[in-house]
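Nothing in this text is a laboratory measurement; each read-out follows from the coordinates by a stated rule. Just so it is clear, the structure is predicted and the values come from calculations on it, not from any experiment. FYI the Cβ positions are ideal-geometry reconstructions off the backbone, even for glycines, and counts take in every protein chain you see.
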Amino acid sequence: MSYKPESLFSIVGRINQTLFLPHIQRPFVWEEDQMLRLFDSLMRGYPIQTLLFWRTKDQIKPRRFMDTIDWDADLHALYKEELADAGREKTLVLDGQQRLQSLYAMFGGAIHDRAGAREAWFDVISGDPAAPGEMKFTLVFALGSPGPTYYRLRNLLGKDEQKNANSLAREINTFLDSQLNDTGDAREDRKERVRDNISQLVSLMLEEKHFWIQTLDGVANNYPYQRILEIFVRVNSGGTKLEPADLMFATIKVGWDNAEAEIEDTVTLLNQNTTLHFDKSVILKALVLVNGAGSVLSPDKFDNRALVAKIDANWAKADAAFAELRDFIVRDLCLYTDKVVRSYLSFIPLFHYLYLHPRPDPNNRALMKSFFYRAQLFSWFRSGTDSRLDKLNEIVAGAADCTFPLAAIKAWGTGPLGLQVDLTASDLILSRHRQLLLNLLYVETQSGSAFNVAATENEPHIDHIYPRSQLAKLGLTSAEINHIGNFRYIGASDNKRKRAELPDSYFSKLKAANIDIKRHLLLDEFAQDPTKMVYDVPTYTRFRDARAAEILCIATKVVNI
């Protein structure tokens with residue numbers, strides 16, 4: 001096994017030339033925020049863990065990295081069949097796909113959504129000190145330059161490839177001199193910031209110290225596929241992760257003996273009989289907020305003995321609020337899976353409200369439910385999390401009556417932050433909304449989550465009602481096929497049996513077996529007579545669009561109140 005550093009310039013140059021993904025790799029799953037945090041970590045000089053490669057001549061089907069990230073990409077279109085044969089040398093990524101695909105998109109590609117192909121732009125004057133958990137360096141994906149201070153990362157592999165850091169920083173500063181109104185010390189500070197940032201960027205690209213690679217050399221040594229498969233499972237299965245909260249308990253327990261046990265019991269309660277992943281940091285954040293100490297977590301905050309004593313004294317009230325939050329999660333939201341929770345921070349304002357106003361009536365529970373879905377769908381906690389939490393909890397605490405202050409929260413969101421607050425038809429086509437919207441659909445139509453299953457191995461999969469492979473034969477595009485109107489949930493075991501059977505046949509069999517198919521199809525016309533689900537483009541399009549309209553109607557009644 002070799003272990004050596006390599007420059008990003010070299011790694012990116014190898015991608016899709018000699019470096020590929022093995023067929024055993026899952027699809028790309030990182031969200032945009034995770035990609036931005038990776039860049040922020042690199043600019044701060046933080047380590048990003050070792051990348052694990054496998055050099056082999058075995059008969060393995062390699063897959064290309066995406067030049068432009070498309071979360072709906074057809075993986076079969078990315079396979080390099082000509083390299084699959086035994087005897088053809090290739091290097092495959094066993095651990096590091098998410099990081100490498102993100103870096104490839106930043107420095108050599110783009111990400112694709114309904115707006116088009118958006119490239120990565122770095123704000124060369126960013127880098128102000130940031131609160132713990134916040135990003136220090138600003139990177140955005142945009143269709144064009146967001147402003148004069150933004151540098152297109154792809155230029156490092158293009159027109160600026162031959163420039164050193166000093167000449168590139170000088171060129172950028174000369175341009176900014178003509179664009180900005182800064183003078184004197186402010187101008188000199190800006191120029192110094194640009195020089196530092198460009199120096200780090202060029203260092204990331206060219207120096208062999210930021211990326212370390214372990215290579216299992218199956219050409220020179222014995223690394224058969226079965227052994228590689230075992231290694232792959234091990235390195236991708238995760239391990240025990242040290243949470244920030246663990247670093248604080250030594251301080252907290254000086255003033256609150258039962259702190260760790262109480263908080264661990266709360267984590268267990270909130271995650272009970274689900275695959276939710278509440279952690280101790282979320283609980284601690286909630287506690288310091290409701291006790292008036294702001295949302296930022298740090299060990300030195302708990303050196304304040306008065307704060308720790310206050311949390312201890314108010315624990316019974318907080319414990320009751322956490323129990324009510326658990327009741328709300330199970331009874332109202334029907335959340336049983338981590339797949340439909342993007343940010344656990346959205347639960348903290350709900351906890352604060354329950355802490356102040358126990359046992360809310362159905363109307364307020366509906367407002368709380370609307371808040372949860374808005375926060376999750378529109379990524380309200382994607383950035384500026386601590387400052388947003390502080391403001392939201394200020395709104396909750398300052399409400400004039402016992403009503404959950406959704407109207408005030410919406411007004412805050414649509415103000416300077418410019419957050420999206422209402423669900424529209426265009427949101428239905430976004431792949432990142434699928435799990436959450438489908439779960440909402442089943443909860444609202446079936447009074448329970450599809451993920452509330454007795455056997456976790458039978459958790460539902462997202463299934464195409466009209467099979468994807470059959471629709472592709474009709475010449476339909478990926479966007480036309482992978483549409484919310486064509487998606488439903490199906491148990492994992494049933495999904496294996498269904499295969500690519502056409503819907504008129506498949507749902508007719510279910511109906512004949514007295515199985516309720518309307519819960520999946522939604523539309524009376526097709527649920528009463530599934531033989532009408534003819535395999536042609538006009539019928540499919542009519543079915544898909546009518547079903548999407550029904551999904552939107554159901555969802556907006558919950559979200560847009």
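Take the Cα radius of gyration of region 244-421 and divide it by 2.2 N^0.38 Å, with N its residue count; two decimals is plenty.
Values: Rg = 15.6 Å, N = 178, 2.2 N^0.38 = 15.8 Å.
Cα Rg divided by the expected 2.2 N^0.38 Å: 0.99.
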Subject >> Qualifying GluC sites (Glu not before Pro) for region 38-146 [loop in DSSP, other Cβ within 10 Å: at most 13] >> reply: Glu89
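At a Förster radius of 35 Å, what calculated FRET efficiency corresponds to the Cβ-Cβ distance of Leu430 and Lys209, to the nearest 0.05?
Numbers: r = 38 Å, r/R0 = 1.09.
The value I calculate is 0.35.
Net charge near Phe371: determine it from the other residues with C-beta under 11 Å of the C-beta of Phe371, scoring Lys and Arg +1 and Asp and Glu -1.
Once all neighbours under 11 Å are counted, the net charge is +4.
Where Rh denotes the Kirkwood radius from the mean inverse Cα pair distance, what is Rg over Rh for region 426-559? Don't jump to the answer; show the numbers that get you there.
On the way: Rg = 14.1 Å, Rh = 15.2 Å.
A ratio of 0.93.
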**OP:** Would you calculate the separation in nanometres between label points at His461 and Ser447, each defined as 7 Å from the Cα along the Cα-to-beta-carbon direction?
**Re:** 3.1 nm
Original post:
Given Cα pairs under 8 Å that are at least 6 residues apart, what percent is the relative contact order of the chain?
Top reply: 12 percent
Subject >> Cβ-based charge dipole, the chain, positive-most Cα from Asn222, Thr337, Met135 >> reply: Asn222
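Distances over 14 Å make up what percent of all Cα-Cα pairs in region 351-400? Provide the component values of the computation, followed by the final result.
On the way: 730 of 1225 pairs.
In whole percent, the share of Cα-Cα pairs in region 351-400 beyond 14 Å is 60.
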Original post:
Debye sum, Cα scatterers, region 383-441, no solvent: what log₁₀ I/I(0) at q = 0.14, 0.15, 0.27, 0.29 1/Å?
Top reply: -0.55, -0.62, -1.06, -1.11
**OP:** Please report, in Å, the Rg and the Dmax of region 293-376, where both are computed over Cα atoms only.
**Re:** 14.5, 41
Original post:
Between Lys136 and Ser41, what is the spin-label point distance in nm, taking each point 7 Å from the Cα along the Cα→C-beta axis?
Top reply: 1.5 nm
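Multiply the residue gap between Glu161 and Gln17 by 0.36 nm, knock off their C-alpha separation, and tell me the result in nm, one decimal place. Mind showing how you got there, number by number?
On the way: separation 144, 0.36 × 144 = 51.84 nm, distance 1.91 nm.
Computed gain between Glu161 and Gln17 is 49.9 nm.
When only DSSP loop residues count, what trypsin sites (Lys or Arg not before Pro) in region 499-561 have their Cβ near at most 14 other Cβ atoms within 10 Å?
Details: sites: Arg499, Lys509, Lys511, Lys518, Arg519, Lys532, Arg542, Arg544, Arg547, Lys557; in loops: Arg499.
Of the trypsin sites (Lys or Arg not before Pro), the ones in loops of region 499-561 whose Cβ has at most 14 other Cβ atoms within 10 Å are Arg499.
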Original post:
Mean 1/r over all different Cα pairs, inverted: what Kirkwood radius does region 1-115 give, in Å?
Top reply: 14.9 Å
**OP:** Tell me which residues come under 5 Å, amide H to amide H, from Asp95 once H is placed; ignore anything under 5 positions away on its chain.
**Re:** Leu52
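I'd like the FRET efficiency for Asp401 and Ala313, computed as 1/(1 + (r/R0)^6) with the beta carbon distance as r and R0 of 35 Å, rounded to 0.05. Walk me through the numbers before you get to the answer.
Numbers: r = 27 Å, r/R0 = 0.76.
Using R0 = 35 Å, I get an efficiency of 0.85.
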Subject >> log10 of Debye I(q)/I(0), alpha-carbon scatterers only, for region 2-212 at 0.12 Å⁻¹ >> reply: -0.67
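For the pair Ala220 and Ser343, what calculated FRET efficiency results from E = 1/(1 + (r/R0)^6), where r is the Cβ-Cβ distance and R0 = 45 Å, to the nearest 0.05? Write down the numbers at each step before the final one.
Values: r = 46 Å, r/R0 = 1.02.
My answer for the efficiency is 0.45.
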Subject >> Compactness of the chain - radius of gyration and Dmax, Cα, Å >> reply: 26.1, 81
Original post:
Over region 260-341, what relative contact order in percent results from Cα pairs under 8 Å that are six or more residues apart?
Top reply: 38 percent
Original post:
For region 316-324, what does the Karplus curve 6.51 cos²θ - 1.76 cosθ + 1.60, with θ = phi - 60°, yield as ³J(HN,Hα) per residue in whole Hz, taken in order and with x for Gly and Pro?
Top reply: 4, 5, 5, 4, 5, 5, 5, 5, 5
